[in-house]
Amino acid sequence: MPDVEGVRNRLGKRTIVLVGMMGCGKSSVGRLLANRLNLPFVDADLEIEAAANLTIPEIFERHGEAYFRSGEHRVILRLLGEGPQVLATGGGAFMNPETRREISEKGISVWLKADFETLFTRVSRRTHRPLLQTKDPAAVLRELLRKRNPIYEMADVGVDSRDVPHEQVVSEIVNVLDDFMSAKDADRNA
């Protein structure tokens, strides 16, 4: 059984930051993880939309991706100061080196890994993904995976997101967080 209380206590003021591709389950798993740890859950994309008073597709359409990424960075920096909490980030947030550095300093990053087939099945059910609104969304998704996976690998820990009950993935996250924080504590006390 995962040490939920130990994870929550050792977290201190840090934020658990979920990173990974669109469709990997950051929001749905994040809500359950927050509930399990008795922490607030925050979805960075919803916070960005509230700050801009626009949906993410509207931001992309009116202002472009660079404008969106700049706002995303500012919102995540603000949210990192509001921990402890579970924070779901957008798929591209972790690509920004400054955002990664801030996450490393103020949080613990968890990569929800998923293979192409799982992701494509999940994202093809919806039309709100601006980067996939192309003639060949599968090719775009493959290219994003190729570019982003090496960066996601820099996360503190990783857990496979696959077609199992989300509660199982949450238990695995709590276990890897417990192991990660125990190892960090042991290093500090050595």
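The values are calculated or read from the model by the stated rules, or taken from the named source; none is laboratory data. Remember, predicted model here, so these are calculated numbers, not experimental data. Cβ atoms come from the backbone with ideal geometry, glycine included; neighbour counts cover every protein chain shown. The accessibility values were calculated without ligands, DNA or RNA, using every heavy atom of the protein model including side chains. Shrake-Rupley method; radii C 1.70, N 1.55, O 1.52, S 1.80 Å.
Using only the Cα atoms of segment 49-155, build the gyration tensor, take square roots of its eigenvalues as a ≥ b ≥ c, and label the shape rounded, prolate or oblate: rounded if a/c is under 1.5, else prolate if a/b is larger than b/c, else oblate. Oblate is the answer for segment 49-155, as a/c is 1.5 or above yet b/c matches or exceeds a/b.
Here the label points at N35 and E105, each 7 Å from Cα along the C-beta direction, are separated by 3.5 nm in the simple model.
Accessible surface for S104 stands near 80 Å², nearest 10, in the context of the full protein assembly shown (1.4 Å probe). Across K135, K26, the residue with the most accessible area heads the list, and the full order at a 1.4 Å probe is K135, K26.
Tell me the label-point distance for the pair S70, S124, using the 7 Å Cα-to-Cβ offset, in nm and rounded to one decimal. A separation of 3.7 nm, rounded to one decimal place. Return, ordered by residue number, the residues of segment 76-107 whose backbone nitrogen is under 14 Å from a label point located 7 Å along Cα→Cβ of K147. Inside the label zone: 91-97. For a paramagnetic label modelled on E167 (point 7 Å from Cα along Cα→Cβ), amide N atoms under 15 Å away belong, within segment 7-29, to 29.
Charges only on Cβ, +1 for Lys and Arg, -1 for Asp and Glu: so what's the dipole of the chain about the Cα centre, in debye to the nearest 20?
Working: 27 positive and 28 negative charges, 62 e Å.
Here the chain has a charge dipole of around 300 debye.
For the chain, the relative contact order comes to 33 percent (Cα pairs under 8 Å, sequence separation of at least 6). Measuring between their Cα centroids, segment 154-185 and segment 36-95 lie 22 Å from each other. Close lysine pairs were tallied over the chain: pairs 8 or more places apart or on different chains with Cα atoms under 27 Å apart number 15. Using protein chains only and a probe of 1.4 angstrom, how many square angstrom of I16 are accessible, to the nearest 10? Its accessible surface works out to 0 Å², give or take rounding.
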